[in-house]
1. Residues VAL203, VAL165: which one is away from the ligand (no atom under 16 Å from the Cβ), out of contact with any helix residue (DSSP H, G or I) (no Cβ under 7 Å at 6 or more places or on another chain) and open to solvent by less than 60 Å² (accessible area, probe 1.4 Å)?
2. Based on this model, can you work out whether ASP262 counts as open to solvent by 40 Å² or more (accessible area, probe 1.4 Å), without any contact (Cβ under 8 Å) to a residue 60 or more places away in the chain and either more than 25 Å from TYR134 (Cβ to Cβ) or in contact with an Asp or Glu (Cβ under 7 Å, 6 or more places away or on another chain) (or both)?
3. Of all residues in region 320-333 being surrounded by 15 or more Cβ atoms within 10 Å (Cβ to Cβ) and among the basic types (Lys, Arg), which is nearest to GLU224 (Cα to Cα)?
4. Do we have LEU295 as away from the ligand (no atom under 16 Å from the Cβ) and either over 19 Å from the mean Cα position of the chain (by Cα) or free of Cβ contacts under 8 Å to residues at least 12 places away in the same chain (or both) here?
5. Of the conditions (1) among the aliphatic types (A, V, I, L, M); (2) touching a Phe, Trp or Tyr at 6+ places or on another chain (Cβ under 6 Å); (3) away from the ligand (no atom under 16 Å from the Cβ); (4) within 19 Å of TYR318 (Cβ to Cβ), LEU234 clears all except one; give me its number.
6. Hey, among ASP246, ASP254, which residue is surrounded by fewer than 20 Cβ atoms within 10 Å (Cβ to Cβ), within 16 Å of the ligand (Cβ to nearest atom) and touching a residue at least 24 places away in the same chain (Cβ under 8 Å)?
7. Going by the conditions given, is VAL83 within 16 Å of the ligand (Cβ to nearest atom) and in contact with a helix residue (DSSP H, G or I) (Cβ under 6 Å, 6 or more places away or on another chain)?
8. Name the residue that is modelled with the lowest pLDDT, counting only residues in region 284-319 that are hydrophobic (A, V, I, L, M, F, W, C) and open to solvent by 50 Å² or more (accessible area, probe 1.4 Å).
Amino acid sequence: MAELPSYPFERLDHGVAKEVAPGIFWVRMPLPFALNHVNLWLLRDGDGWTVIDTGYNDDETRAHWETVFEATLGGRPITRLIVTHFHPDHLALAGWFVERFGCALWMTYSEWMQAHLNRLGGATADIDARLKFYAAHGIADEGALGYREKRPDFARIILPLPDAVHRMNDGDAIAIGGRAWRVITGAGHSPEHAALWCEELNVLISGDQVLPRITTNVSLQCVEPDGDPLRLYLDSLGKFRAVAPDALVLPSHDRPFHGLHDRLDALADHHAERLEAAYDACAEPRTGVELIPALFHRALDAHQMGFAIGEALSHAQYLVGEGRLAKRRDADGLIRYRHA
Ligand SMILES: [Zn+2]
C-alpha cells in the first residue's frame, strides 16, 4: 500500500519566495480557476537567476513577481527562463520576462511549437473542431463544456510569445548554479513536457507530470483522435523511477513533497482501476460521455466536464490499444466503445 506524500513545508503566501533547497526558491502564484494556484521556481545561477515557469498573465501575478524581484533577486538579473510546457499557467508571462530581462527562453521544441500553433489559431486552438469532436463522443449540448464562454483565448493570454527558443532535449544535462540538472521529458499531459532532476541536490522539479494529490489531466485531443495519451503518460511516469526515492519533489501544484515512488505507484494504481471501470462500463456500447459516470463519482461543472470527457476518452483509447475495446462510429453518427 502506497504511503501518502509527506509535505515538509507549510503552504506559502503569494508574492513570497521561500528557499526549499540550497539556492532554490519556491514561489506560489494565484490562478483564476478551480485549481487556484501554480508553483514556480527561482534558482540562483552564477551572477543571475534561472526562473522555471511564469504563472498566469494578469496584473496580480505581475505585481507578485515585482515583490519577489525586489525581495529576492539581490539586484541580479534573470538570465534564463525555463518553461516546463505550453499551458498558460506555466508559459503566459514568457514574453514579459524576455522583454524585461533580455533572458533566454528554454523549452522543448514541441512545447514551443505547440504554443505558437495555438497562438496563431492553428488546428490545436480550433474551438469548432473541438466541439464537433466532443459532439461525436456524445456531448450534444455544447454549452455543457462552456468552451465558447469560458475558455481563455490563448492568443490574448500568451502575449507576447518569444519568437526564439533554446531547445531542451530528453537527457540533456543543464548546468544551473554550477550543478547538473537532467531533463526528463514526458507526454500525455502535453506534447513534450520537461521535468528537471538534480542528483547532487536530490531535487526533482516535476512540473505537471507528477503531482502529490490531484492527478494530472490526460486528455484525448481532437487533433489526434486515434491517439493514446494515457499510454504516453504512463510510459513517461516510468522514467521517474530513475529518480532517488527520497528526492524532494517540487510539483507545479500543491506543495513540495517526499514520497515520489509511492506516488508513482498510487498513480499507476489509480489509472489501472479507472481502466477496469471503463472496460466494465463498455459491456454495453458506450459513448465517451456515457463513460464519465464510471470514472468520476461527483457532479462536474462545465470546466470540469471538458477535462472529464478528455480523460474518459484517454482511458477508452488505451483499452483500444490493448485490443480489449473496439471503437466504431454508429449509424447515428456517434462514436461508441464496446468489448472487442
Ligand atoms: Zn499543464
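The values are calculated or read from the model by the stated rules, or taken from the named source; none is laboratory data. Keep in mind it's a predicted model, so treat the numbers as computed, not measured. Note: ideal-geometry Cβ built from the backbone for every residue, glycine included; neighbour counts use all protein chains shown. In case anyone asks, the SASA skips ligands and DNA or RNA and just uses the protein heavy atoms, side chains included. Shrake-Rupley method; radii C 1.70, N 1.55, O 1.52, S 1.80 Å.
1. Every option except VAL203 fails the conditions.
2. Answer is no for this residue.
3. Per the stated criteria, the residue is LYS327.
4. Answer is yes for this residue.
5. (2)
6. It is ASP254.
7. So VAL83 fits the description; yes.
8. Once the filter is applied, the top-ranked residue is ALA299.
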